[in-house]
Amino acid sequence: MHNPLISILTPFKNTEQYLTNCIESIINQSYTNWELLIIDDSSTDDSYNLVKSFAKKDTRIKLFKNDGSGIIDALRLGFNESSGDYITRMDSDDIMPKNKLEVLLNNLLKHGKQHVATGLVNYFSKEGISDGYNKYEAWLNGLTKTGDNYSEIYKECVIPSPCWMIHREDFINCDGFTPNRYPEDYDLTFRFYKHNYKIIPCDKLLHYWRDYQTRTSRTHDNYAENTFLDIKMHYFLELDYDNTRPLVVWGAGWKGKTIAKTLIKNNIPFEWICDNPKKIGKHIYKQEMKPFTHLETIKQSQSIVTVANPKAQIKIKTYFENQSMFPMTDYFFFC
């Protein structure tokens, strides 16, 4: 297959001011055998007519209106209408470097099925990028350069939603956009992990990620922090929890308490530790809070760590290393 078709799935909603740059960056790709399945998700601005004008000029652009509600329904529609041998996503407010499709495809052709191609990302904004987004970009790109993305999957989404490509058969086998679980990009990443699809290391910048105040991931309830924690717990209990080993929760902040409630709801026993002397010895949800020294009495434990302080995290990692314990087997950082 020398010239496979790539299907690009792109929902849009009220992104009129960014769509021209986005679509032109797709039209200008060095790899030209693509189809753009672009879906209007109930826009109230003139986005639809703008895309329609592009579609009239280029038959590779196929415009649809979402017959459901929300981004998952829009993505499903796009995929159902697609014909490509390879599947990728694009956000309607972002920009592709000219070589994006070419690099992603070549990496997949080289490595074969059951691989995910991705690349480095760069945030840009008229208002400037916050320190938080700069740190996320650096963290994400560091993982992508080595292909070790799954090693920190419980911290945050480790594959950027608009910068991946996968073989169609693999996409179908991991249920694509079938689940109604938000955030949909994080859920899909966990299913790549579940199916043991290898991430291809990449050191090339392949996506310009626009940030602005009204971006969906900033404003929609489906992308709130509590939904991220729901997904983390869902997949931890399904994929990595070993019920033959004692489970320990580190930290009694909001995340620690939310995790504790989930474990109690699922009748999963656990020990709960923290470093706050005001909480040690007290009971939260009828569970006694214990000091870190209590760990010495627990053999072969698995730990969920919700401690966010970077210096504390380093100390915790050192503790695990001294105990000959390994990440993603013995301990999992959830922040």
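Please go through segment 28-82 and give me each residue that is of a type in the set (V, I, T), closer than 18 Å to P162 by Cα and touching a strand residue (DSSP E or B) at 6+ places or on another chain (Cβ under 8 Å), ordered by number. Spell out how you get there, then give the answer.
At the first step, the residues of segment 28-82 found to be of a type in the set (V, I, T) are 32, 38-39, 44, 51, 59, 61, 71-72.
Those still in the list that are closer than 18 Å to P162 by Cα too: 38-39, 61, 71-72.
Those that are of a type in the set (V, I, T), closer than 18 Å to P162 by Cα and touching a strand residue (DSSP E or B) at 6+ places or on another chain (Cβ under 8 Å): I38, I39, I61, I71.
Residue count for segment 55-80 under the criterion of being within 16 Å of L5 (Cα to Cα), open to solvent by 40 Å² or more (accessible area, probe 1.4 Å) and under 24 Å from the mean Cα position of the chain (by Cα): the result is 1. When you look at I284, is it open to solvent by 20 Å² or more (accessible area, probe 1.4 Å), over 23 Å from F326 (Cβ atoms), at pLDDT 95 or above and of a type in the set (A, V, I, L, M, F, W, C), yes or no? Yes. Please specify each residue of segment 165-183 satisfying the condition of being open to solvent by less than 10 Å² (accessible area, probe 1.4 Å) and either at pLDDT 95 or above or not in a loop (DSSP other than H, G, I, E, B) (or both). Listed by number, the residues that qualify are M165, I166, D170, F171, C174, G176.
Here is a yes/no grid of residues against (1) under 14 Å from the mean Cα position of the chain (by Cα); (2) among the hydrophobic types (A, V, I, L, M, F, W, C); (3) at positive phi; (4) open to solvent by 10 Å² or more (accessible area, probe 1.4 Å):
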position: K110; (1), (2), (3), (4): no, no, no, yes
position: H115; (1), (2), (3), (4): no, no, no, yes
position: T118; (1), (2), (3), (4): yes, no, no, no
position: I129; (1), (2), (3), (4): no, yes, no, yes
position: A138; (1), (2), (3), (4): no, yes, no, yes
position: N141; (1), (2), (3), (4): yes, no, no, yes
position: T144; (1), (2), (3), (4): yes, no, no, no
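Would you be able to tell me the number of residues in segment 157-201 that are more than 28 Å from D211 (Cα to Cα) and without any contact (Cβ under 8 Å) to a residue 40 or more places away in the chain? Don't jump to the end; show me each part of the working.
First pass over segment 157-201, keeping only residues more than 28 Å from D211 (Cα to Cα): 167-170, 172-175, 194-198.
Next cut, without any contact (Cβ under 8 Å) to a residue 40 or more places away in the chain only: 172-175.
Within segment 157-201, residues that are more than 28 Å from D211 (Cα to Cα) and without any contact (Cβ under 8 Å) to a residue 40 or more places away in the chain number 4.
Among the residues of segment 53-103, those that are farther than 15 Å from L9 by Cα and not in a loop (DSSP other than H, G, I, E, B) comprise S53, F54, K56, K57, E102, V103. The set of residues in segment 231-256 being part of a helix (DSSP H, G or I) and either crowded, with 17+ Cβ neighbours inside 10 Å or among the aromatic types (F, W, Y) (or both) consists of I231, K232, M233, Y235, F236, W254, K255, G256. F326 meets the conditions (1) of a type in the set (A, V, I, L, M, F, W, C); (2) touching a residue at least 60 places away in the same chain (Cβ under 8 Å); (3) open to solvent by 40 Å² or more (accessible area, probe 1.4 Å) in every case but one. The failed one is (2). Whenever a residue of segment 13-29 is under 23 Å from D73 (Cα atoms), its partners that are of a type outside the set (A, V, I, L, M) and assigned to a helix (DSSP H, G or I), lying with C-beta atoms within less than 7 angstrom and at least six residues away or across chains, give the pairs N14/S47; T15/S47; E16/S47; L19/S47; I23/F54.
Of the residues P277, P269, P291, which is free of Cβ contacts under 8 Å to residues at least 12 places away in the same chain and open to solvent by 40 Å² or more (accessible area, probe 1.4 Å)? Write out each step before concluding.
Values: P269 fails: free of Cβ contacts under 8 Å to residues at least 12 places away in the same chain; P291 fails: free of Cβ contacts under 8 Å to residues at least 12 places away in the same chain.
Every option except P277 fails the conditions.
Checked against (1) closer than 21 Å to D230 by Cβ; (2) assigned to a loop (DSSP other than H, G, I, E, B); (3) not charged (D, E, K, R), T189 meets all criteria but (2). Taking each residue of segment 105-126 that is closer than 17 Å to G176 by Cβ and looking for partners that are open to solvent by 80 Å² or more (accessible area, probe 1.4 Å) and part of a strand (DSSP E or B) with beta-carbon atoms closer than 9 Å, six or more apart or interchain, yields Q114/K198; H115/K198; V116/K198.
Among the residues making up segment 6-32, those that are open to solvent by 20 Å² or more (accessible area, probe 1.4 Å) and either more than 17 Å from M96 (Cβ to Cβ) or part of a helix (DSSP H, G or I) (or both) are K13, N14, E16, Q17, Y18, T20, N21, E24, I27. Restricting attention to segment 294-309, the residues that are open to solvent by 90 Å² or more (accessible area, probe 1.4 Å) and either modelled with pLDDT of 95 or more or closer than 20 Å to F333 by Cβ (or both) total 1.
The values are calculated or read from the model by the stated rules, or taken from the named source; none is laboratory data. All values derive from a computational prediction rather than experimental measurement. All Cβ positions, even for glycine, are placed from backbone atoms using ideal geometry, and neighbour counts span all protein chains on display. What goes into the accessible areas is simple: the full protein's heavy atoms, side chains included, and nothing from ligands, DNA or RNA. Shrake-Rupley method; radii C 1.70, N 1.55, O 1.52, S 1.80 Å.
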